[in-house]
1. Can you say what percent of the DSSP beta bridges in the chain, counting only those with both residues inside, are antiparallel? Round to 5.
2. Rounded to the nearest 10 degrees, what's the angle between the helix 148-159 long axis and the longest principal axis of the chain, both from Cα atoms, 0 to 90?
3. Counting only C-alpha contacts under 8 Å and six or more residues apart, can you give the relative contact order of the chain as a whole percent?
4. Between residue 165 and residue 139, 0.36 nm times their residue separation minus their Cα-Cα distance comes to what?
5. By how many degrees, between 0 and 90 and to the nearest 10, does the Cα long axis of helix 120-134 differ from the longest principal axis of the chain?
6. Can you compute the label reach from residue 173? Point 7 Å from Cα along the Cβ direction, backbone N cut-off under 19 Å, restricted to segment 62-96.
7. What is the ratio of the Cα radius of gyration of segment 16-144 to 2.2 N^0.38 Å, where N is its residue count, to two decimals?
8. GNM, the chain, Cα, under 10 Å: largest mean-square fluctuation among 97, 31, 73?
């Protein structure tokens, strides 16, 4: 079994700022979201947790496992896409930089490569490598705590759902039975 959870809300999420690799903490609402989601894992056992090494994901993972002795494996491959010079900017500010209105889903398209921004192809390669590594222990129930677009990519690779059509909410729990 594989569970995917996006990190809890941050102030930058609330402000519409693009985070990428910026290391932002959860805000109070994000902490509360993670606490609510942790109730699910009291009823549904997991054997191991993999988390992006960024603070917002690690904080979420720590809240999800609570006092249990479940290992949290920090993995930089689970990071969101690196947005380089766009990180910390709002969608409107990025639109000003690019000279037109944009959405995060446009930016994640290979049709719009940007200098200093990680390619979607590289993000898919990171996701494929990660999945290959965790498939080795099929009998273990796994929880992955990561970021919205990256979880979308994991979903596309495991279920075929187009990542550009599936927005993942903060602390949303997604169950993938066969991966």
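Taken together, the values in this text are just the output of simple stated rules run on the coordinates, not laboratory data. The structure displayed is predicted, hence computed values, not measured ones. Cβ: placed from backbone, ideal geometry, glycine included. Neighbour counts: every protein chain shown.
1. About 30 percent, rounded to the nearest 5.
2. 60
3. Details: 338 pairs, mean separation 65.4, N = 179.
It comes to 37 percent, rounded to a whole number.
4. Values: separation 26, 0.36 × 26 = 9.36 nm, distance 3.03 nm.
Contour length minus Cα-Cα distance gives 6.3 nm.
5. Once rounded, the angle reads 10 degrees.
6. 62-73
7. On the way: Rg = 16.8 Å, N = 129, 2.2 N^0.38 = 13.9 Å.
Segment 16-144 yields a ratio of 1.21.
8. Of the options given, 97 has the highest mean-square fluctuation.
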